[in-house]
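Participant: To start, I am sharing the structure in question, which I have written as structure tokens.
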Amino acid sequence: MQKLAIIGKPNVGKSSLFNRLLKQRDAITSEQAGTTRDVKKRVAIIVDKQVEILDTGGLDEGCELFDRIKEKSLEAAHKADIILFMVDGKSLPEEDDKKLFYELEAMGKSIALVVNKIDNDKMQEKLWEYFEFGTNTIFGISVAHNRSILPLLNWVASVLPESAIVSPEPEEGELDEDDQMDGFESFVESYDDEESDDEESDDDMDDDDDDGELEGDLAEMEEAFKGLVKEYEPTDSDKMKVAIIGRVNVGKSSLLNALLGEERSVVSSVAGTTIDPIDETIEYQDKEITFIDTAGIRKRGKILGIEKYALMRTEEMLENADIALLVLDASQPFMDLDEKIAGFVDKNRLACLIVLNKWDMAPKEDYDKIIEEVRDRFKFLSYAPIITISAQSKQRVHKIFEMLLKINENYSQRISTSKLNEVIQAAMRKHILPSINGMNIRLYFATQYDIRPPRIALIMNKPQGLHFSYRRYLTNQMRAQFDFEGTPVLFKAKAKSASKKPQTHKTRAMW
């Protein structure tokens, strides 16, 4: 696929143009110079052709951080097939801009001079000053006012090869959890008693006490659920989005670079170097892994300016992620902020791998103590395995890939209805469901209705009677029987419908 790089000094409107080409607000934009620091990549359709757009950091100098940003931006320009060199139309042409433009032009690439901030007809006169760059491929635009963008788009499409033409594909709808459960409830209704839940008597538990009939009913339920349980193509589990999260300066960008084997993210000693989340997709053992390097999170009171947008964007990325690499700094004491960040994993029901970075800098005599403290502080992530690494020296970083594959397999695991009910039945023999206000709690049957993460529905007469401690007990029993390391297991208690329908089968408590 052809690559298009947007190059220029800070605050000329590169990220705004990037968003305009994508037709969505993807890159964070602000009046603060240096907002974009890493090269952000996205695929867009320009007219009728597909191209990968590279939003680069501003070409500026003055400190270690800006030097690294400039280096990354120029690397992107050299790799690109098309270059949009942006300048600020409200300023006079600058000699260093001309020099760099000539150098890029000499590379033989398709290059256009894009003069931004030509907001009105009067400003259009200033465009003539930029013809001294010596090119006729010049476009005066205003990204903010969506002015004169179309000629630029047509030029980009004209230099893209015919092989880049794509046909629009119809979007396929997907059932959300509520839609799935609506279908689930419709099925349950067909097995419902004529009596409502509140009218059931204890004697109902003794009705139709025929084990063979019970097994037949369960088999019929499992067969019927094949049309209601959300189906996944085999390729769904072959793709995973892995978000790298943690507080500032724990080494997230260094970890991404170590995983990719290249300097993808800008790394510096400046806290909060990464602002806009960036992602990179690689192939590993026939699996497609997209790593997302997110902005470091500070205490809420210390979040200033564009970091507020960075936090919002990080939260958005986590909503679409599958697995979280929770990066902790093993060389320093853990903070309450680490626990709050880990809360994002729990909130979004993500699979998780806890990464203790800078392990080579941690005191050897404290190794066991550090692991113990992680387990004590992050009890709600007890399912997450722990790996100790050094992103800087790449110590044990390669093991993360194998662990991710295993976690993804568990995250995508589906348990048959018969096996699931067998395990839960055995669990209930050990500890029966406690009654609530003197009323017996009945669990009719269970089935897994979704994966990534595994979601299990429990059909009960009193869903509110499923205490969180018993839910935790069932979770532990599931983990004892199946390999769910690295992934949460979610239970959804559902009531039988109280509506009255013509009787075909009689639902009774399984246990």
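The values are calculated or read from the model by the stated rules, or taken from the named source; none is laboratory data. Everything quoted here is computed from the prediction, not taken from an experiment. Cβ sites come from the backbone with ideal geometry, for glycine too, and all protein chains shown count toward neighbours.
Participant: Just name the residue that is nearest to His78 (Cα to Cα) out of those in region 8-29 that are over 24 Å from the mean Cα position of the chain (by Cα) and either part of a loop (DSSP other than H, G, I, E, B) or modelled with pLDDT of 90 or more (or both).
Facilitator: Of everything passing the filter in region 8-29, Lys9 is nearest to His78 (Cα to Cα).
Participant: Might you let me know whether region 467-477 holds any residue that is without any contact (Cβ under 8 Å) to a residue 60 or more places away in the chain, over 30 Å from Val355 (Cα atoms) and not assigned by TED's automatic domain parsing to the domain that holds Glu319?
Facilitator: Within region 467-477 (the criterion being without any contact (Cβ under 8 Å) to a residue 60 or more places away in the chain, over 30 Å from Val355 (Cα atoms) and not assigned by TED's automatic domain parsing to the domain that holds Glu319), the answer is yes, since at least one residue qualifies.
Participant: Anything in region 418-433 that is surrounded by 20 or more Cβ atoms within 10 Å (Cβ to Cβ) and either within 27 Å of Asp238 (Cβ to Cβ) or outside the structural domain of Leu466 (by TED's automatic domain parsing) (or both)? List them, or say none.
Facilitator: Within region 418-433, Leu420 is the sole residue that qualifies.
Participant: To continue, here is another question. Criterion first (charged (D, E, K, R), within 24 Å of the chain's Cα centre (by Cα) and closer than 30 Å to Asn249 by Cα) does Glu409 satisfy it?
Facilitator: Considered against the rule, which asks whether it is charged (D, E, K, R), within 24 Å of the chain's Cα centre (by Cα) and closer than 30 Å to Asn249 by Cα, Glu409 comes out as no.
Participant: From the residues in region 328-379 that are in a loop (DSSP other than H, G, I, E, B) and among the aliphatic types (A, V, I, L, M), which one is nearest to the chain's Cα centre (by Cα)?
Facilitator: Residue satisfying both the conditions and the ranking: Leu350.
Participant: Return the residues of region 434-454 that are surrounded by fewer than 20 Cβ atoms within 10 Å (Cβ to Cβ) and of a type in the set (S, T, N, Q); say none if nothing qualifies.
Facilitator: Result: Ser435, Asn437, Asn440.
Participant: Name the single residue that is modelled with the lowest pLDDT among those in region 46-66 being in a helix (DSSP H, G or I) and surrounded by 14 or more Cβ atoms within 10 Å (Cβ to Cβ).
Facilitator: Once the filter is applied, the top-ranked residue is Leu65.
Participant: Another question about this same structure. Within the set of pairs 6+ apart or on separate chains, which have a first residue in region 129-148 that is in contact (Cβ under 8 Å) with a residue 12 or more places away in the chain, a second that is among the basic types (Lys, Arg), and C-beta atoms under 7 Å apart?
Facilitator: Cβ pairs passing all conditions: Phe133/Lys98; Ile141/Arg147; Ser142/Lys117; Val143/Arg20.
Participant: Could you tell me which of the residues Ala324, Ala258 is touching a Cys at 6+ places or on another chain (Cβ under 7 Å) and modelled with pLDDT of 85 or more?
Facilitator: Ala324
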